[in-house]
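What follows is a single structure, written as structure tokens, with notes after it.
The values are calculated or read from the model by the stated rules, or taken from the named source; none is laboratory data. Note that the structure is predicted; figures quoted are calculated from it, not measured. Glycine gets a Cβ as well: all are built from the backbone with ideal geometry, and neighbour counts include every protein chain shown. Accessible surface is based on the protein model in full, side chains and every heavy atom, while ligands, DNA and RNA are left aside. Shrake-Rupley method; radii C 1.70, N 1.55, O 1.52, S 1.80 Å.
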Amino acid sequence: MIVYDVEIEQAILGKNEERLPDIRYCDGWRDFEGMGISVICAYDSKTERYHAFTRGNFDDFQSLVLNDPLIVSFNGLQFDDKLCASQGMKVTTTYDILKEAWVSDGHPPTYESEKQMGYGLDDFAKAMGLQGKVGHGAQAPIDWQRGRYGRVITYCLEDVRLTWKLACWIRMTGSLPNPRAPGHNLFLPPLSGLNPA
């Protein structure tokens, strides 16, 4: 099983934000071709190793995901897979934790309204009693363009680690704590091919 996450290279202007003069921007969260990729991080459960891939070794990432039938992500179907495709890589998430959580709680499998807010990776991590995310995806391209590569790679690796923790919990319990309804669980489809560490 491969768990993966991607960070973008071009910044995205948030609501009521002004452009920073030293930062390049794309045209929003659907401009996959314009975003570019700064780093892809992955965890390989077979080797129990974490990997970081940048422009010089994206081919290695492509080989990694093509050789494993189980690709796990958090919002990969709507974001990471499409971003990779825009850069010439073929990745097909086979288990998207966010999609399965939405469906379990009676929502559509893709984002359609604000009713689906509150199911982020950070929300699930905190609901499980884990330390939350170490940053925010919108800050990552700014840090990358300013040469803070280590910070972005660490952020991406931490997202992969949290996604892996959620995957292990799903494998063991068949559920996740519902971050929008404390004390209640979301029951998710089985996650096969995973041996929790």
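If I ask for residues that are of a type outside the set (S, T, N, Q) and closer than 27 Å to Met89 by Cα, which ones from segment 1-20 would you list?
Met1, Ile2, Val3, Tyr4, Asp5, Val6, Glu7, Ile8, Glu9, Ala11, Ile12, Leu13
Pull up segment 171-183, narrow it to residues that are of a type in the set (A, V, I, L, M, F, W, C) and out of contact with any helix residue (DSSP H, G or I) (no Cβ under 7 Å at 6 or more places or on another chain), then point me to the one that is farthest from Asp123 (Cα to Cα).
Met172
Taking interchain pairs and intrachain pairs at least six residues apart, which have beta carbon atoms under 9 angstrom, with the first residue in segment 7-20 and in contact (Cβ under 8 Å) with a residue 60 or more places away in the chain and the second polar (S, T, N, Q) and open to solvent by 70 Å² or more (accessible area, probe 1.4 Å)?
Pairs found: Ala11/Gln139.
Does segment 34-50 hold any residues that are farther than 11 Å from Leu83 by Cβ, open to solvent by less than 30 Å² (accessible area, probe 1.4 Å) and without any contact (Cβ under 8 Å) to a residue 60 or more places away in the chain, and which are they?
Scanning segment 34-50 gives a single hit, Asp44.
Do the conditions hold for Leu83, that is, is it open to solvent by less than 60 Å² (accessible area, probe 1.4 Å) and either farther than 30 Å from Asp22 by Cα or free of Cβ contacts under 8 Å to residues at least 60 places away in the same chain (or both)?
No; evaluated as a whole, the condition is false for this residue.
Quickly run through segment 3-54 and pick out the residues that are more than 14 Å from Val152 (Cβ to Cβ) and of a type in the set (A, V, I, L, M, F, W, C).
Within segment 3-54, Val3, Ile12, Leu13, Leu20, Cys26, Trp29, Phe32, Ala42 meet the criteria.
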